[in-house]
1. Of the conditions (1) in a loop (DSSP other than H, G, I, E, B); (2) in contact with a helix residue (DSSP H, G or I) (Cβ under 6 Å, 6 or more places away or on another chain); (3) closer than 29 Å to residue 69 by Cα, residue 375 satisfies every one except a single condition; which number is it?
2. Regarding the range 333-347, can at least one residue be identified that is away from the ligand (no atom under 16 Å from the Cβ), part of a strand (DSSP E or B) and in contact with a helix residue (DSSP H, G or I) (Cβ under 7 Å, 6 or more places away or on another chain)?
3. Which residue out of 233, 212 is touching a strand residue (DSSP E or B) at 6+ places or on another chain (Cβ under 7 Å) and away from the ligand (no atom under 13 Å from the Cβ)?
4. Give the range 236-247 a look and list any residue that's within 13 Å of the ligand (Cβ to nearest atom), surrounded by fewer than 23 Cβ atoms within 10 Å (Cβ to Cβ) and assigned to a helix (DSSP H, G or I), or say none.
5. Within the bounds of the range 18-31, is there any residue that is surrounded by 24 or more Cβ atoms within 10 Å (Cβ to Cβ), part of a loop (DSSP other than H, G, I, E, B), in contact with a helix residue (DSSP H, G or I) (Cβ under 6 Å, 6 or more places away or on another chain) and in contact (Cβ under 8 Å) with a residue 12 or more places away in the chain?
6. Can you confirm whether the range 86-101 contains a residue that is within 20 Å of residue 10 (Cβ to Cβ), within 15 Å of the ligand (Cβ to nearest atom) and in contact with a strand residue (DSSP E or B) (Cβ under 6 Å, 6 or more places away or on another chain)?
7. Where in the range 257-322 are the strands (runs of 3 or more DSSP E), entirely inside, with at least 2 residues that are touching a strand residue (DSSP E or B) at 6+ places or on another chain (Cβ under 6 Å), modelled with pLDDT under 95 and within 11 Å of the ligand (Cβ to nearest atom)?
8. Looking at 63, 78, 133 in this structure, which one is buried (at least 23 other Cβ atoms within 10 Å of the Cβ) and within 22 Å of residue 295 (Cβ to Cβ)?
Ligand SMILES: NC(=O)c1ccc[n+]([C@@H]2O[C@H](COP(=O)([O-])OP(=O)(O)OC[C@H]3O[C@@H](n4cnc5c(N)ncnc54)[C@H](O)[C@@H]3O)[C@@H](O)[C@H]2O)c1
């Protein structure tokens, strides 16, 4: 088997994790059963650059059941679950190139390896695979009919490529489906960020001051989970509407420079750079803990932190103490990388179920429709989004009302009123 994993002997432990996740993925299960019969991805070659987790394994197995030839690499050097990677290769025969803790060079070599079968579809999370394809592997572009993108930051990058005329094939922004961002970004990141923070620190959230940078879908989730755990929550924002929303949701809102002096724990979820910069870190209290749950490790200025660090030492797994030049000690989690995936398992399978159902349906949609599409970034059609929500509700034993013909006529007409 063509693969690079930490240790193939870890496969047994990985397989049970994959099976455990699958229990909580009823929408993907429905699709897998249909894909196995209909083979909508027959003879399609798919390169996937995703966090190598048990949920991703289930997506890859579903795509393979649909007839695809899949190769996988990691979308973050720290987010691979090594036993899962081993099982994907050993038990499911899917070539995977991912080792937790891989260096930058290996990370990009793995992307090259995931592209070796000359894909006609790409699945990306953060757009590193697509940008690599467009810059270093351009000869492969002619085979590609379309791609999908999983996360907000990747969608932002791909829209910028489309705007510049640089994008050479159509992309479906899976992130922009309602059944993705409203659940994965909000409830997934909200809960799993605290999973990572607690594993790395065993810190008591109740009674602490938690500062959340960014009040987008992820930030809302992190803020509400912090509040639910008993924290006093401060939100920082640059968008006045989001800031207002945070205030009316009951959170304190202020500039990061003011929040820096008050926070016990900081979580960045902006997709931006240097949100926690030198001056903020210098203003923090002794003992402050900070981490990032946004896509790239650029939200915390690690270079500045290193420069003002007199001494550092690991305290626990994924937690490093920095003794600063001002004498205070502060704690960075998971090297400033996605704390939920680096220090914990990432999102629960229950939300990835919907995100990855979107991925599978987006691949199928591209097979049928890519010829009619421009080299732009698209949303998945709303009826597919609603189909996913309907299957999910069904799996939860929930049925909802349907519009009566009378109601439908009323709601869609402009003639009614007082
Ligand atoms: N940890 C995960 O598993 C996970 C899951 C989904 C998305 N993400 C990533 O999390 C990040 C946020 O995603 P989202 O869907 O919430 O995006 P979003 O666009 O909905 O929200 C980002 C928010 O950050 C704000 N912001 C930007 N710069 C800021 C700054 N300097 N200070 C304060 N606020 C600032 C924006 O105004 C916006 O409201 C992205 O990088 C995304 O890719 C991570």
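The values are calculated or read from the model by the stated rules, or taken from the named source; none is laboratory data. From a predicted model like this one, the values you see are computed outputs, not experimental measurements. Cβ placement follows ideal geometry from the backbone for every residue including glycine, while neighbour counts extend to all protein chains displayed.
1. Of the numbered conditions (1) in a loop (DSSP other than H, G, I, E, B); (2) in contact with a helix residue (DSSP H, G or I) (Cβ under 6 Å, 6 or more places away or on another chain); (3) closer than 29 Å to residue 69 by Cα, the odd one out for residue 375 is (2).
2. Taking the range 333-347 as the starting set, the residues that turn out to be away from the ligand (no atom under 16 Å from the Cβ) are none.
No.
3. On the way: 212 fails: away from the ligand (no atom under 13 Å from the Cβ).
Every option except 233 fails the conditions.
4. Initial filter on the range 236-247 (within 13 Å of the ligand (Cβ to nearest atom)): 236-246.
Next, from what is left, pick out any that are surrounded by fewer than 23 Cβ atoms within 10 Å (Cβ to Cβ): 238-245.
240, 241, 242, 243, 244, 245, listed by residue number.
5. Yes.
6. Filtering the range 86-101 for residues within 20 Å of residue 10 (Cβ to Cβ) gives 86-101.
Checking which are within 15 Å of the ligand (Cβ to nearest atom) leaves us with none.
Checked the range 86-101: no residue is within 20 Å of residue 10 (Cβ to Cβ), within 15 Å of the ligand (Cβ to nearest atom) and in contact with a strand residue (DSSP E or B) (Cβ under 6 Å, 6 or more places away or on another chain).
7. Details: elements: 265-268, 289-292, 309-316.
Counting at least 2 such residues, we get no strands (runs of 3 or more DSSP E) at all.
8. Numbers: 63 fails: within 22 Å of residue 295 (Cβ to Cβ); 78 fails: buried (at least 23 other Cβ atoms within 10 Å of the Cβ).
On inspection, the qualifying residue turns out to be 133.
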